[in-house]
């Protein structure tokens, strides 16, 4: 079976007072692997990191799509929910209670905090990235037989109040992509599909260059090609 994990909505956060619900502007649930192949009667556990920056209850919906390698039209989807609670103990944010195991372009807005609350959180929060950035600098495709293809989605985020016109410089073969440009609005993110279709066996590396107008982003692509089945 081929399988792929993706989130179809942002992470929602309910504040500690249970009256303030907002969307997180960063990746809260991080899967160590989002696509791959699974042999018959085999099992696979995917480590998931829960990374809250504020106290509260976090929820995000995900999809698991899978299909037989030789019958891609037989697709099966499973929708599930990831939940976690972030608490603070003696001014240290603790990640606890992850219960279970991407994409929407819905706008995400930061939660408004009072001056005293923002001051108390500043010491434990990471400095937010500005402008357009990639959540990962390296994407590794699953081992793919010659003549077949695998697709991953490269995540790009705009954590600013400015719209960016992104231009994509296609990587060399065997990596392929259809998009050449995209207008990314403020506080939105996109997942750009990149296909890996090897014609010979071996290990391949490439670079997807994203031109933002401010600085270029180079995203490394790595794939291994197996002998044809």
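Read-outs: derived from the displayed coordinates by stated rules, not from any lab. Predicted model, so just to flag it, every value in this text is computed and none were measured. In this analysis, Cβ positions are derived from the backbone assuming ideal geometry, glycine residues included, and neighbour counts consider all displayed protein chains.
Counting other beta carbons within 10 Å of each Cβ, put 165, 1 in order, fewest first. Don't jump to the answer; show the numbers that get you there.
Numbers: 165 11, 1 15.
Listing 165, 1 from fewest to most nearby Cβ atoms yields 165, 1.
Sorted ascending by nearby beta carbons within 10 Å, beginning with the fewest, 185, 23 become 185, 23. Remark: C-alpha extents of the stretch 123-229 on the principal axes read 51, 33, 18 Å, sorted largest to smallest. In this structure, residue 149 and residue 185 have a Cβ-Cβ separation that, at R0 = 25 Å, corresponds to a calculated FRET efficiency of about 0.25.
Modelled spin labels at residue 218 and residue 195, positioned 7 Å past Cα toward Cβ, are 2.7 nm from each other. With a simple spin-label model that places each label point 7 Å from the Cα along the Cα-to-Cβ direction, the separation between residue 9 and residue 21 comes to 0.8 nm.
As a calculated quantity, the FRET efficiency between residue 178 and residue 83 at R0 = 41 Å, using C-beta atoms, amounts to about 0.70.
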